[in-house]
Amino acid sequence: MNMFKKVKAETVKDYLAAVPVERYETVQYLHSFIQKAVPKLKPYFANNMIGYGKFKYSNYKKEIIDWPIIALANQKQYVSIYVCAVVDGQYVAEKHKKKLGKVKVGRSCISFKTLEDINLKTLKDVLVEAARNPGLTK
């Protein structure tokens, strides 16, 4: 499943170096923020984004693959944080939607334009909850 614009990076360092200057500070801040919030989830380059931690996932081809529990991606119009965790049948990102700030939330994706748009305290709560409950159910 590759829903992201292909980037030339092959490492986290390469990915961060390729982020446009106007978004670099935001992406770098979030990269550090995620690592501090959930230090057990090690960062790695995954599918044109930065992944943190892994779980086994059955993709659309029914292949079992490693997929990031949390991921950070610089998109054309915004920054996205993907939170692949479900608790009691509810996606963790959706569960906290109302408290996350001026963001767009869809199942496991949180998108926003600037750091000022997102409630970082709630984001940390989401990340910690995801690290405790990794994976998706269909």
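Here are some conditions: (1) within 14 Å of the chain's Cα centre (by Cα); (2) surrounded by 14 or more Cβ atoms within 10 Å (Cβ to Cβ). K95 meets all but one. Which one does it not meet?
(1)
Taking only segment 54-71 into account, find how many residues are touching a residue at least 40 places away in the same chain (Cβ under 8 Å) and either surrounded by 23 or more Cβ atoms within 10 Å (Cβ to Cβ) or in contact with a Cys (Cβ under 6 Å, 6 or more places away or on another chain) (or both).
Adding up the residues that qualify gives 2.
Checking V87 against (1) under 13 Å from L127 (Cα atoms); (2) touching a residue at least 24 places away in the same chain (Cβ under 8 Å); (3) surrounded by fewer than 19 Cβ atoms within 10 Å (Cβ to Cβ); (4) under 13 Å from the mean Cα position of the chain (by Cα), which single condition isn't satisfied?
V87 satisfies all of (1) under 13 Å from L127 (Cα atoms); (2) touching a residue at least 24 places away in the same chain (Cβ under 8 Å); (3) surrounded by fewer than 19 Cβ atoms within 10 Å (Cβ to Cβ); (4) under 13 Å from the mean Cα position of the chain (by Cα) except (4).
Looking at this structure, is D117 modelled with pLDDT of 95 or more, on the phi < 0 side of the Ramachandran plot and not β-branched (V, I, T)?
Values: modelled with pLDDT of 95 or more: yes; on the phi < 0 side of the Ramachandran plot: yes; not β-branched (V, I, T): yes.
Here the answer is yes, as D117 does meet what is asked.
Across segment 118-133, what is the number of residues that are surrounded by 21 or more Cβ atoms within 10 Å (Cβ to Cβ) and more than 14 Å from the chain's Cα centre (by Cα)?
Residues that pass the stated criteria total 0.
The values are calculated or read from the model by the stated rules, or taken from the named source; none is laboratory data. As the structure is a prediction and not an experimental result, all values here were calculated from the model. Methodologically, a virtual Cβ is constructed for each residue, glycine included, from the backbone with ideal geometry; neighbour enumeration extends over all protein chains shown.
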